[in-house]
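K.L.:
Provided herewith is a single structure, encoded as structure tokens, for subsequent inquiry.
The values are calculated or read from the model by the stated rules, or taken from the named source; none is laboratory data. What you see is a predicted model; the values in this text were computed from it and never measured. Cβ atoms come from the backbone with ideal geometry, glycine included; neighbour counts cover every protein chain shown. Heads up: the accessible areas ignore ligands, DNA and RNA and are worked out on the full protein's heavy atoms, side chains in. Shrake-Rupley method; radii C 1.70, N 1.55, O 1.52, S 1.80 Å.
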Amino acid sequence: MKRTYRWDEKQGKMIEVTPQRSVDVHYVQPDFEPFQSPDQAVITSRTQWREHLKATDSVEFGHSDMKAQQESWNKRQEQHRERVDRAKQYVKEYDRPQEVREYKRSNLNVEMANKLHGRPTPNRIEMIKLTMETAKEMQKRGR
């Protein structure tokens, strides 16, 4: 192979710049130490980990994935805030009336609960009929 040199002004001499041949070597990555997965399964090898991910229909998440997810979440939150702020332009402020009227609630649900206590749950139609009858009874009594 032909050698190539160039002049280095700092060192004041010729330096060889012949491309070095890289040696292709296989790298065997060691297996990792046994650990417990989030669902309490003990994992002892990469193969077992891949099978576990498939079996649980899970995806391995790295730091870069988490960062991308966080950025995506922040972007969606900002878009939501912008939509809410735009909507505020069109929503009018609620004017509270000067006098607040008293609203009397019906005790129909209490009456129905008492009526159905200890009985099997009726089907929908029977429940509607019982509710209507109870409401009429309550109107007669003046409640």
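K.L.:
Whole-Hz Karplus ³J(HN,Hα) for segment 64-75, in order, using 6.51 cos²θ - 1.76 cosθ + 1.60 and θ = phi - 60°, x for Gly and Pro?
P.N.:
With coefficients 6.51, -1.76 and 1.60, one gets 5, 5, 5, 5, 5, 5, 5, 5, 4, 4, 4, 5 Hz.
K.L.:
Let me ask you something else. From the phi of every residue in segment 55-63, what ³J(HN,Hα) in whole Hz does the Karplus formula 6.51 cos²θ - 1.76 cosθ + 1.60 yield, where θ is phi - 60° and glycine or proline is x?
P.N.:
5, 8, 6, 10, 10, 6, 10, x, 4
K.L.:
Please report the spacing between the Cα centers of segment 103-133 and segment 1-69 in Å, no decimals.
P.N.:
69
K.L.:
At 1.4 Å probe size, with every protein chain present, just tell me what the per residue accessible area of the chain comes to in Å².
P.N.:
101
K.L.:
Relative to the Cα centre, what is the charge dipole magnitude of the chain, using +1 at the beta carbon of each Lys and Arg, -1 at the beta carbon of each Asp and Glu, and rounding to the nearest 20 debye?
P.N.:
On the way: 29 positive and 23 negative charges, 174 e Å.
For the chain, the charge dipole is close to 840 debye.
K.L.:
Sum up the lysine pairs in the chain that clear both bars: alpha-carbon distance under 27 Å and a spacing of 8 or more or different chains.
P.N.:
13
K.L.:
Work out the charge dipole of the chain with +1 on the Cβ of Lys and Arg and -1 on the Cβ of Asp and Glu about the Cα centre, then indicate which of M132, P30, M14 is farthest towards its positive end.
P.N.:
Result: M132, furthest along the dipole toward the positive end.
K.L.:
So how far apart, in nm, are the two label points at V110 and S22 if each is 7 Å from Cα heading toward Cβ?
P.N.:
8.3
K.L.:
Something else: Assuming R0 = 30 Å, can you tell me the calculated FRET efficiency for the pair K75 and K54, based on Cβ-Cβ distance, to the nearest 0.05?
P.N.:
Values: r = 31 Å, r/R0 = 1.03.
It comes to 0.45.
K.L.:
Under the rule of -39500 (n - 2.57) per DSSP H run of 4 or more residues, summed and divided by the residues of the chain, what mean residue ellipticity at 222 nm is obtained, to the nearest 500 deg cm²/dmol? Mind showing how you got there, number by number?
P.N.:
Details: 4 runs with 63 residues, N = 143.
Result for the chain, helices only: -14500 deg cm²/dmol.
K.L.:
Starting from the 7 Å offset along Cα-to-Cβ, what nm value, one decimal, do you get for the label separation of D8 and K92?
P.N.:
8.2
K.L.:
I've got another one for you. Which percent of the accessible area of the chain is formed by carbon and sulfur heavy atoms (probe 1.4 angstrom)? Let's see the in-between values first.
P.N.:
Details: 7320 of 14380 Å².
Carbon-and-sulfur percentage of accessible area, whole number: 51.
K.L.:
Sticking with this one: To the nearest 10 Å², what's I128's accessible area with a 1.4 Å probe?
P.N.:
80
K.L.:
For the chain, compute Rg over Rh where Rg is the Cα radius of gyration and Rh is the Kirkwood radius from the inverse mean 1/r over Cα pairs.
P.N.:
Values: Rg = 38.1 Å, Rh = 26.6 Å.
Using Cα coordinates only, the ratio equals 1.43.
K.L.:
For R46 and A68 in one chain, what is 0.36 nm times their gap in residues minus the Cα-Cα distance, to one decimal in nm? Let's see the in-between values first.
P.N.:
On the way: separation 22, 0.36 × 22 = 7.92 nm, distance 2.50 nm.
Roughly 5.4 nm would be gained on extension.
K.L.:
Just to confirm a number: summing +1 for Lys and Arg and -1 for Asp and Glu over residues other than I15 whose beta-carbon lies under 13 angstrom from that of I15, what do you get? Write down the numbers at each step before the final one.
P.N.:
Values: positive: R3, R6, K10, K13; negative: D8, E9, E16.
So the environment of I15 carries a net charge of +1.
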